[in-house]
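Participant: Next up is a structure, given as structure tokens.
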Amino acid sequence: KEYAHVRGLVDEHKLHTICESGKCPNQTECWGAGTATLMILGNICTRSCQFCSVATGKPEAVDFAEPRRVAESVKLMGLKHVVITSVDRDDLRDGGSGIWAATIRAIRRHCPGVTMETLIPDFKANPEQIQCIIDVKPEVVSHNLETVKRLTRLVRVQAKYERSLETLLQLKNGGIERTKSGIMLGLGETEEELYEAMDDLRNSKVDILTLGQYLQPTKKHLPVARYITPEEFHY
């Protein structure tokens, strides 16, 4: 019943979700619990990360009605907390930061009391674009490092390790209460490299770190180098 409800809202309001675009294997479980991660600014990314199944290419024009549709859907879902992400929009002068801010403001207007986690691009560490996010003060702002320094060029082709750290530091120095980042394991990183990445994130004043197992979304993407055991995750 919950899955059908979420499915209907996504279709009716022409929403994008990372659950679908990223070919997440846990989609049925999450939607069945009434949760989904919304994705704004379309479903075509200007970057071509080798772990991600979101389509790469020339995005469509910005949909300025999207913030309102997202906010209405959050209200209809009866959510107390919402997670929003987006594709990278390097084609836009503002990197998409304007739509990000408009979406957050729309949710605040339509859904008083709802808290938000925003999983943002690096915005090329552009201070003006990052300030757009800081100004609307989501409760949690997340930007994923994704992997260790040595593997960044392989895993995140157009991204830069130091640039992601700089984005996270700017967010924290700008007054964001909780910053967050995530790293995928099983791409060939060593334990020492993982500790280095953790130290680098802490030096960027990151509050929350998630570690997850990388799963290969299609045969065209990077293969899994190793499956991490539950005991290792616990450690």
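Participant: Angle between the Cα long axis of helix 127-136 and the longest principal axis of the chain, 0 to 90 degrees, nearest 10?
Facilitator: The helix 127-136 is inclined about 50 degrees to the chain.
Participant: Still on this structure, I have one more. Could you give each residue of region 49-57 its phi-based ³J(HN,Hα) in whole Hz, using Karplus coefficients 6.51, -1.76, 1.60 with θ = phi - 60°, and x for Gly or Pro?
Facilitator: Each residue of region 49-57 in turn: 4, 7, 9, 10, 9, 5, 4, 10, x Hz.
Participant: Can I ask one more? Loop-only check: which GluC sites (Glu not before Pro) in region 12-84 are DSSP coil with at most 12 other Cβ within 10 angstrom?
Facilitator: Counting only loop positions with at most 12 other Cβ atoms within 10 Å, the GluC sites (Glu not before Pro) in region 12-84 are Glu60.
Participant: Next question, about the same structure. Ser86's amide H: which non-local residues (gap 5+, or another chain) put their own amide H closer than 5 Å, with H modeled 1.01 Å from N in plane and none for Pro or chain starts?
Facilitator: Ile40
Participant: Another question about this same structure. Based on DSSP, what percent of beta bridges with both residues in the chain are antiparallel, to the nearest 5?
Facilitator: 10
Participant: Still on this structure: Using alpha-carbon pairs under 8 Å, 6+ residues apart, how would you state the relative contact order of region 163-223 in percent?
Facilitator: Details: 57 pairs, mean separation 27.7, N = 61.
It comes to 45 percent, rounded to a whole number.
Participant: On to the next question. Output wanted: per-residue J couplings in Hz (rounded whole) for region 101-116, from phi through Karplus 6.51 cos²θ - 1.76 cosθ + 1.60, θ = phi - 60°, x for Gly and Pro.
Facilitator: 5, 5, 5, 5, 5, 5, 5, 4, 6, 7, 10, x, x, 6, 9, 10
Participant: Now, a different point. Skipping prolines and chain starts, which residues have an amide H placed within reach, meaning under 5 Å, of the one on Asn144, given they are 5 or more residues away or on another chain?
Facilitator: Gly182
Participant: For region 1-155, what percent of Cα pairs sit more than 28 Å apart?
Facilitator: Values: 1996 of 11935 pairs.
The share of Cα pairs beyond 28 Å in region 1-155 comes to 17 percent.
Participant: Which whole-Hz ³J(HN,Hα) couplings does region 143-155 yield from phi under the Karplus relation 6.51 cos²θ - 1.76 cosθ + 1.60, θ = phi - 60°, glycine and proline marked x?
Facilitator: Those phi angles translate into 9, 8, 6, 6, 7, 7, 4, 4, 8, 4, 5, 6, 7 Hz.
Participant: Also: Considering only protein heavy atoms and a probe of 1.4 Å, how much of the accessible area of the chain is carbon and sulfur, as a whole percent?
Facilitator: On the way: 6390 of 12120 Å².
Carbon with sulfur: 53 percent of the solvent-accessible area.
Participant: Let me ask something additional. For region 1-35, which trypsin sites (Lys or Arg not before Pro) pass both filters: DSSP loop (anything but H, G, I, E, B) and at most 13 other C-beta atoms within 10 Å? Before the final figure, lay out the partial values.
Facilitator: On the way: sites: Lys1, Arg7, Lys14, Lys23; in loops: Lys1, Lys14, Lys23.
Hits after loop and neighbour filter: Lys1, Lys14.
Participant: Whose amide H sits under 5 Å from the amide H of His16, counting only residues 5 or more places off or on another chain, with H placed in the peptide plane?
Facilitator: Amide H neighbours of His16, under 5 Å, 5+ apart: Met39.
Participant: Using only Cα atoms and rounding to the nearest 10 degrees, what angle (0 to 90) does helix 2-12 make with the longest principal axis of the chain?
Facilitator: 70
Participant: Related question: Could you state the accessible area per residue of region 65-216 in Å², with a 1.4 Å probe and every protein chain left in place?
Facilitator: In whole numbers, region 65-216 has 45 Å² accessible per residue.
Participant: Name the trypsin sites (Lys or Arg not before Pro) in region 46-113 that are in a loop by DSSP and that have at most 12 other C-beta atoms within 10 Å, would you? Working shown, then result.
Facilitator: Values: sites: Arg47, Arg68, Arg69, Lys75, Lys80, Arg89, Arg93, Arg105, Arg108, Arg109; in loops: Arg47, Lys80, Arg89, Arg93.
Within region 46-113, the qualifying trypsin sites (Lys or Arg not before Pro) (loop, at most 12 other Cβ atoms within 10 Å) are Lys80, Arg93.
The values are calculated or read from the model by the stated rules, or taken from the named source; none is laboratory data. Source: prediction; values computed, not measured. Note that each Cβ is placed from the backbone with ideal geometry, even for glycine, and that neighbours are counted across all protein chains shown. These accessible areas exclude ligands, DNA and RNA; they are computed on the full protein's heavy atoms, side chains included. Shrake-Rupley method; radii C 1.70, N 1.55, O 1.52, S 1.80 Å.
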